[in-house]
Every structure is written in structure tokens, then in C-alpha cells.
1. Along the charge dipole of the chain, pointing to its positive end and built from +1/-1 on Cβ of Lys, Arg, Asp and Glu, which listed residue (PHE47, TRP112, MET82) has its Cα farthest out?
2. Calculate the dipole size of the chain relative to its Cα centre from +1 charges on Lys and Arg beta carbons and -1 charges on Asp and Glu beta carbons; express the result in debye to the nearest 20.
3. Any number yet on Rg/Rh for the chain, C-alpha, Kirkwood?
4. Give me, ordered by chain and number, the residues 5 or more places off GLY49 or on other chains with an amide H under 5 Å from its own placed amide H.
5. Quick one: 3J(HN,Hα) in Hz for the range 52-57, Karplus 6.51/-1.76/1.60 with θ = phi - 60°, rounded, Gly and Pro as x.
6. Roughly what % antiparallel, to the nearest 5, for the DSSP beta bridges in the range 1-118?
7. Could you compute how fast the range 36-78 diffuses translationally, taking Rh as the Kirkwood radius over C-alpha pairs and applying Stokes-Einstein at 37 °C with viscosity 0.692 mPa s? Give it in µm² per second.
Amino acid sequence: QVALVESGGGLVQAGGSLRLSCVASGRTFSLYAMAWFRQAPGKERDFVGGISSGGDTTFVDSVKGRFTISRDNAKNTVYLQMNALKPEDTALYYCAARLGIVSSSRFVYRTWGQGTQVTVSS
């Protein structure tokens, strides 16, 4: 089991960039598929993208070409690089972990961070 802590959120103007980090505790981080979700006020928690234990990435269409995900297993950290940010990217961003493949369903992830707020002004 791992525990997750996100950081890196903040306020940025439209068109700007942010990099979120998610640090995991535990010695088995490299075995986990990692995912990023986001939740805007009054909306459901939606899948943004994920990275497999082998480094393969997948993204929701709305962020393809703007967001990238990477992982550094030596640092037990996964990153979400967000470029060309839009006001509609404003949300609380969560990282999640699971053993197995990346899934876009929030229901299969049992390990979550506390979230980090991203606000994009127009």
C-alpha cells in the first residue's frame, strides 16, 4: 500500500503552465499504475490521464497535446505537466494509484492523495 501527497497547484493565467507532483510513500511505487483525476465544483471526479508501471501514458481527449505525465521511480514521484492551460482546466487535481493497468474509472482506485487546487484565470 502507498500513500500519496500532491503539490504544485496554484493560480495561473490562461495559456500558462503548471507542473503537479505526486509523491508516494512505500517501496513498491514502481509496480503501481498512476493516474490523475480532477474535480470541478459541483461536478464528478474525472479522469485526466495515467501512466502505467512501464511508462505508457494515456489521456482524455480534452488534454491531449497539452498535458504530459511522467514518473521517476527513484523518487517515488509522478508528474503532471500542464501547458496551454484553459479556464475549464480549473479543478481540484488528485493523483491515484492502483496495481494493474491504468483505468479511467475512479471506482477502481483505492489510494488517493488529498488533492491540489489548480485555478486558471481568463
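1. Result: TRP112.
2. It works out to roughly 180 debye.
3. Rounded to two decimals, Rg/Rh equals 0.94.
4. TRP36, VAL60
5. Calculated HN-Hα couplings, in order: 6, 4, x, x, 6, 10 Hz.
6. 95 percent
7. D = 285 µm²/s.
We did not get these values from a lab; they are worked out from the coordinates using the rules stated. The model shown is predicted, which means the values in this text are computed figures rather than measured ones. All Cβ positions, glycine included, derive from the backbone under ideal geometry; neighbour counts span all protein chains shown.
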